[in-house]
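Colleague: Below are the structure tokens for one structure; questions will follow.
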Amino acid sequence: MCSELTRSSQPVEAKTKAQGMSHQSDVLPCDQLRDQVIGNQSSHTQLMETLLHLRQTVDDCITQLTTRPPQLDLPLEEQRHNQATGEQEAFLRRVVNLLQSGAMWGLGLQAPRPTLGPRDDAGGGQQAQLSRQLDQLVHQLSHLEVAFVSHDLSNRGIDISAFERSKFQDFKTYQGDKYHEDKNTMGFINLGVSENKLCTDLMTERLSRSDMNHLEDALLQYSDQRGQPFLREEVARFLTYYCKSPARLDPENVVVLSGCCSVFSALATVLCDPGEALLTPTPFFGGLVMGSYLYSKVELMPVHLDSEITDGSARPFQLTVDKLEQALLEATLKGKKVRGLLLINPQNPLGDVYSRDSLEEYLEFAKRYNLHVIIDELYMLSVFDDSVTFRSVLSMESLPDPNRTHMIWGTSKDFGISGFRFGALYTHNKEVASAVSSFGFLNGISGITQYKLCRLLQDREWIDKVYLPTNHSRLKAAHRYITNKLKALKIPFLNRGSGLYVWMNLKEYLQPCTFEEELLLHHRFLGNKLILSPGKTYMCKEPGWFRLIFSDKPLPLKLAMHRFYEVLAEQKRDLRVKQLEDPQKE
Amino acid sequence: MFALPEKESRAPSTCPGPASTQDLDSNCGDGLERECSRKPDQKLPELYGVGDPTAGFSSNSSHLSSRGGIIKWFWDSAEAGYRTYHMDEYDEDKNPSGIINLGTSENKLCFDLLSKRLSQSDMLRVEPALLQYPDWRGHLFLREEVARFLSFYCKSPAPLQAENVVVLNGCASVFSALATVLCEVGEAFLIPAPYYGAITQHVCLYGNVRLVSVYLDSEVTGPDTRPFQLTVEKLEMALQGANSQGIKVKGLILINPQNPLGDIYSPAELQNFLEFAKRHELHVMVDEVYMLSVFEESVGYRSVLSLERLPDPQRTHVMWATSKDFGMSGLRFGTLYTENRDVATAVASLCRYHGLSGLVQHQMAQLLRDRDWINQVYLPENHARLKAAHTYVAGELRALGIPFLSRGAGFFIWADLRKYLPEGSFEEERRLWRRFLDHKVLVSFGKAFECKEPGWFRLVFSDKAHRLCLGMQRVRQVLEGKSQVAEDPPACQTQEPRDRHRNCALRSQDNPSLGEDLPVK
């Protein structure tokens, strides 16, 4: 079954997706509702009121919905503009949005699990019973409750909130129960969030030096919205050097904002109108979805890549111009206006690096169709294997379409300081730079932080002689450790020399090989206090892939692999039992 | 909130006169959203006005989306004043003939105190947790500190809770996030005008939310009233008006202490406004960013968080920041306090765009915790300096016979320069502003605050004596030159300098740019 699915003819794939969706819708609302009801409203009466309200809402909706399954008929619904269905449409649209974001993120993460639910202990027995009733009620009608999640939030506010609840629930749980060498060895080990924790010693030392603590009045006052001039100059020098730009980069083309998410969100907003789309080769880092969708309502059109090597490709998940062409065509046929192409290089989660030729082909493709190219090079200095040659887009002699090529970089990954909230845009297009600069006050960086960043980027000596060599050798060691473990477990993975992660295939452990099973496996990891990221989060079209972050200290890494091994062993046992039981049932 | 200054100093140019009469086609709105396409508004211009931040926008870009074009237009239109200033900033030594900035609302009086405090060793801690992804709401240690701080300084009847605190990079972000999570595209907030104009942009950029101005009058109508007084009747009228135009109003923004009026709402007034909001199920966003900059003790400022009972706690959202009260607008620290968990959660999930560095979060927690320093060193000194600066500018204005409003809070004086505008038009107001700028002093004109009466200007006084004095001298020169058209050079240089402004006289004498002919564009 599993292998069948991976070879995936179209219909099978579609079915899998549909299943995935219905599963999502079952899980999500119950949990949200429980959060809502138990978490926020203390008294019994309120709960009862809510129940009654729910019943009413549910009844109303049933009468409206009995004729058709909601999400499938949405387009039809939209065409009919009569007053009576207007409200319902809006509601359904939100549900679909929610499902989409859920699908991307694996909303089911937050399915109530005893091991994961410190919030559950808020309710007494009575409440628990009520909540069970509530669950049943909701279960029948799945997503209908979304409408009254809050009376106070706008629809988009509800979307955003739902996203927060789903995506960050486990992150929050993790925050409250983090692994600590001495204090909490039983806590969660997070190999899900892409952070480089290998060089905190170096970084702490460097940031503690006295040159970092300079203060002047300009740092405490409003600055240029694009960022302090001294920082933009330093960023331009830094990128000129590390991206091997043929000509000196111009500080006027630099805009700095609070994190790469902000840069991306601002870019998406000024390049696309709501409902327009960016082509995105998948699997890809899902965090950007939020930026493009929740704040700016820009959609990402996946260009699905295959793990299998076919005629046009030399390696798994290879992006080809054919695939881009095809995805663009499909999007156009669906009536989607595609404004650009989003590339991540080095790729996240694959760890691939685009060759100069491929990069040029993608850029030429974009130029042919007047598409912007947003290229995220967030991991450009995290290429730890010397045999891998990373080529920054800024290193190209001549860009096919410089006015539509926008590069993003930040210190979060390459310097392991995600808590600094710094991201930079480099674009030749003055219009785009100006428009993005308008966000300088909504996504601005503290003057003090800008100063520290400037000092950091300036210290070429330390970066080249201390930081990068150490960082690379530690990354290499951690990578070797993990990949050896994976090899020993006979788990296929992409062996790449860049990024902080390994993209591995656990479909052997899924029976059947579906996204539901993937999610269940993910929960199993969580149950064993290990956070990994399931492929669905990356819009991967094949179930079974996981991303594992290896840039953690040896001790937690070792413990994590132990837990990993335990879960897989347990999973294997269960699969065997299941296999034995299945024929009996039949 | 880099924009605060920029917006303010630049705001002048964001309001090119004829703007709102221009009818725009829908492509400048949010393309998909019908609500956003504008209507010819202001049927009752006396009472309220539906904000149209992009009126006057017309541009076509091959590279930007239509909203991108608008966003860029914000940037471009804002540029003129601000860029002029930034290319020619006054510097005592390097550029003594540069522009003095009395336009940006920043407190530049206490940098000495702040830099000393921020350089103490407790501020300089670096630890791994501060370098990694935080809780998006802000580090818990900071949220706890904020809750304690606000409980104390807002005199809340019960301790405030860290769970209700969200930390963002400035109040601009709080406005932006709130607008996004409370309103659909095209919906609106009520706001009494004149108001701090940058809010228009904050709620529009991401949120595409509009502001409906509740126009206030400078005229005093009764014995117990004051100029530009907000009343519930005015709120009701504006709300009705907006509704009648089919505009859905979701909330009310109150700035207390008010910017640019320097006014303060009494607890009774506040209660009335909150009750009004409750009646209409409106959210109330109370911006208290100047709450500790009340330098006249007799004023008796009360935070909304000090009220015994909020009429509608689930719809009351309070924002505060260190930008003004601690003179650190460049630090980008702002905070939202709301009992509404849904709102807090929704805002928090937007914090990945509005976060601030862990190191800065640590510093802020240290700062807010240091009650001794705040109470015994910073606040008394800051208030004394604000008072002195205020006294000086107020005196200068009195000497010029210029009426002004100021109630002892904030960094600015709201000055009535209507007598310098013979026709009383916004066009003239703008020209006068331009003359100030040409005379190397940047101020903000009333239109930038959506003031409906032409001729009001905001002067920021929280600057060092020498700059302030020079700035006021330039203001005087422009005004005297203006009012005594074609007369001999004004007697500005004979004006006796106060002791503590000794430098000013010197400087103004060797300032070559003064007294030159004023090009009027």
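No lab work stands behind these numbers, since they all come straight from the coordinates. Since the structure is predicted, the reported quantities are computational estimates derived from the model, not experimental observations. Cβ sites come from the backbone with ideal geometry, for glycine too, and all protein chains shown count toward neighbours.
Colleague: Output the Kirkwood hydrodynamic radius of the stretch B:331-485, Cα pairs only, in Å rounded to one decimal.
Modeller: After inverting the mean inverse Cα-Cα distance, the result is 18.6 Å.
Colleague: What is the spin-label model distance, in nm, from B:N375 to B:Q240 if the labels are put 7 Å beyond Cα along the C-beta direction?
Modeller: 4.9 nm
Colleague: On to the next question. Among A:I344, A:L329, A:G416, which residue has its Cα furthest toward the positive end of the charge dipole of the stretch A:326-482, with +1 on Lys/Arg Cβ and -1 on Asp/Glu Cβ?
Modeller: Toward the positive end, the furthest listed residue is A:G416.
Colleague: Over 19 Å between C-alpha atoms is what I'm after, so list which of A:K244/A:K476; A:K297/A:K337; A:K430/B:K72; A:K337/A:K541; A:K536/A:K572 land there.
Modeller: Over 19 Å Cα-Cα: A:K244/A:K476; A:K337/A:K541; A:K536/A:K572.
Colleague: Let me ask something else. Report Rg/Rh for the stretch A:181-221, rounded to two decimals, where Rg is the Cα radius of gyration and Rh the Kirkwood radius.
Modeller: Result for the stretch A:181-221 is an Rg/Rh of 1.20.
Colleague: Using a 10 Å cut-off on Cβ atoms, rank the peptides A:529-535, A:193-199, B:379-385 from the highest mean neighbour count down.
Modeller: Descending mean neighbour count gives A:529-535, A:193-199, B:379-385.
Colleague: Hey, another quick one. For a quick protection proxy, order the peptides A:260-268, A:353-361 by their average other-Cβ count within 10 Å, most packed first.
Modeller: Per-residue Cβ counts within 10 Å, averaged per peptide and sorted highest first, yield A:260-268, A:353-361.
Colleague: Say the dipole of the stretch A:471-563 comes from +1 at the beta carbon of Lys and Arg and -1 at that of Asp and Glu; which of A:H522, A:F493, A:Y509 then lies farthest toward its positive end?
Modeller: A:F493
Colleague: For the stretch B:278-374, take every pair of Cα atoms, bin their distances at 5 Å starting from 0, and report each bin as a whole percent.
Modeller: Taking every Cα pair in the stretch B:278-374, the percentages come to 3, 10, 17, 22, 20, 16, 9, 3, 0.
Colleague: Sorted by average packing, counted as other Cβ atoms within 10 angstrom per residue and highest first, what order do A:509-519, A:313-323 take?
Modeller: Per-residue mean Cβ counts within 10 Å order the peptides as A:509-519, A:313-323.
Colleague: Taking each residue in B:173-182, count the Cβ atoms of any other chain within 10 Å of its Cβ, then average. What number comes out?
Modeller: Across B:173-182, the average partner-chain Cβ count within 10 Å equals 4.
Colleague: Within straight cross-link reach of B:K464, meaning Cα distance under 28 Å, which lysines are found once same-chain residues fewer than 8 apart are removed?
Modeller: Cross-link targets: A:K452, B:K7, B:K94, B:K108, B:K116, B:K324, B:K387, B:K440, B:K447, B:K482.
Colleague: Taking each residue in A:410-417, count the Cβ atoms of any other chain within 10 Å of its Cβ, then average. What number comes out?
Modeller: Mean inter-chain Cβ contacts per residue within 10 Å come to 2.
Colleague: Once you charge only the Cβ atoms, +1 for Lys and Arg and -1 for Asp and Glu, what is the size of the charge dipole of the stretch A:394-504 about its Cα centre, to the nearest 20 debye?
Modeller: 700 debye
Colleague: Restricting to Cα atoms and excluding each atom paired with itself, what does the Kirkwood estimate give for the stretch A:432-549 in Å?
Modeller: 17.7 Å
Colleague: Under a crude label model (7 Å from the Cα following the beta-carbon direction), how far is A:A314 from B:R83 in nanometres?
Modeller: In this crude label model, A:A314 to B:R83 measures out at 4.7 nm.
Colleague: Continuing with the same structure: At 7 Å along Cα-to-Cβ for each site, give me the label-to-label distance between A:N184 and A:R576 in nm.
Modeller: Label at A:N184, label at A:R576, 3.6 nm between them.
Colleague: Shifting gears a bit: Counting every Cα pair in the stretch B:191-308, what percent are over 18 Å apart?
Modeller: So the pairs more than 18 Å apart make up 53 percent of the total in the stretch B:191-308.
Colleague: Partner chain Cβ atoms within 10 Å, averaged over the residues of A:443-455 - can you pull that number for me?
Modeller: The shielding value for this peptide is 6.
Colleague: Could you pull out the GluC sites (Glu not before Pro) across the stretch B:141-250 that fall in loop regions by DSSP (anything but H, G, I, E, B) with no more than 13 other Cβ atoms inside 10 Å?
Modeller: In loop regions of the stretch B:141-250 (DSSP not H, G, I, E or B), the sparsely surrounded GluC sites (Glu not before Pro) are B:E219.
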